[in-house]
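This report refers to the structure that appears directly beneath it.
The values are calculated or read from the model by the stated rules, or taken from the named source; none is laboratory data. None of these values were measured; they are calculated from a predicted model. Here Cβ is always computed from backbone atoms with ideal geometry, including for glycine, and neighbour counts include all displayed protein chains.
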Amino acid sequence: MSNIVENSINKNIIASEKKKSETELINENSSNEDTSNHSEKLSESKNILLNTEVKITIELGKSKIKIKDFLKLSEEKIFILNKSVKEPLDIFINDYLIASGELVVLDKKYGIRITNIKSSLKNINISS
């Protein structure tokens, strides 16, 4: 009789281990799917972010003026800004300063040569 009980216990242990293995396998697969799904979502979010259009503004300089003085301006008048020709221009994305550069003219169009990018932006990985 002890042999029958022993066999029964062994069968229960084997069945229990088999269920445990199946559960571990399911959990492992589920974990891999979660990781894969999470990775796909991150990639999709990154693509959406990187393909979003933004407004870029290049600031030549600033000046304060009273409205009445501004209204007196006419053609051919010169409006003086606070920056010299040698100073770098500020580059903004959606009103946030992100870089600086120098003015260039190419094929009768203005451009900007970027000379400095904010250090917080240099470390962003944009490769897919």
Exactly one of ILE48, ILE78 is part of a helix (DSSP H, G or I), more than 25 Å from THR115 (Cα to Cα) and free of Cβ contacts under 8 Å to residues at least 12 places away in the same chain, and that one is ILE48
Name the single residue that is surrounded by the fewest Cβ atoms within 10 Å (Cβ to Cβ) among those in the stretch 62-82 being at pLDDT below 90 and within 25 Å of LEU97 (Cβ to Cβ).
ILE80
Filter the stretch 83-100 down to residues that are more than 11 Å from GLU59 (Cβ to Cβ), in a strand (DSSP E or B) and either in contact with a Pro (Cβ under 6 Å, 6 or more places away or on another chain) or of a type outside the set (A, V, I, L, M, F, W, C) (or both), then give me how many there are.
1
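Here is a yes/no grid of residues against (1) in contact with a Leu (Cβ under 8 Å, 6 or more places away or on another chain); (2) modelled with pLDDT of 90 or more; (3) not assigned by TED's automatic domain parsing to the domain that holds LYS118:
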residue	(1), (2), (3)
LYS20	no, no, yes
ASN32	no, no, yes
SER43	no, no, yes
LYS46	no, no, yes
LEU60	yes, yes, no
LYS86	no, no, no
GLU102	yes, yes, no
